[in-house]
Structures are given as C-alpha cells and as structure tokens.
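These notes are about the structure you will find just below.
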Amino acid sequence: MDMLNMVMDKTVQSDNALEYMCPYCGAINDFYLNSVRDMYHEQHESCGCCNKVLSLTAADGIGGRVNLIVDALDSELIIK
C-alpha cells in the first residue's frame, strides 16, 4: 500500500478543507475536516477522479498544523 503524509498549513482548531493527492492517480482532492469529530478517526473517501476508495486520518502535526495521512485501500477490505 502507498502511504502519503501531507502536512497542511491549517490549525487543528479550525474546520477547513484540506487538500491531498490521490496515491492512485495523483489527482488533488478536498477533505473537509471537523476538528472535534474527525481527528484520529479513519474516514473513507473516494477520489473525485479515479473513484478509488481512500483511507484518510487527520492527526496533530508540528506547530499546530494538521497532518493528513492518506492511504490506499483494497476495495475487498472495506467494511460497509
């Protein structure tokens, strides 16, 4: 599996859209972070370009920034 860590220039306390790159096709997507609800909880999102399902986990980064961890998922392993 491909792992892509992106440190975003957003503070943890805000509810903002974060951008990330799809590890399959390289398309740039938005992830709308609710800092209270979404921090450290895995979210499943589909890429807007290739429709592959991705795992997104927001975590505390350095200097109050958000570290968005994007991981490629096997579609057979997704629990619905």
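Scanning segment 35-47 for residues that are modelled with pLDDT of 90 or more and open to solvent by 80 Å² or more (accessible area, probe 1.4 Å) yields Y40, H41, E42, H44. When the residues of segment 1-22 are filtered to those that are modelled with pLDDT of 80 or more and open to solvent by 30 Å² or more (accessible area, probe 1.4 Å), which remaining residue is farthest from I69 (Cα to Cα)? Among them, the one singled out is A17.
Quick one: is Y32 over 11 Å from the mean Cα position of the chain (by Cα) and either hydroxyl-bearing (S, T, Y) or modelled with pLDDT of 90 or more (or both)? In short, no.
The values are calculated or read from the model by the stated rules, or taken from the named source; none is laboratory data. Predicted model only: the values in this text are computed from it and were never measured. Just the protein is used for accessible areas: all its heavy atoms, side chains included, with ligands, DNA and RNA removed. Shrake-Rupley method; radii C 1.70, N 1.55, O 1.52, S 1.80 Å.
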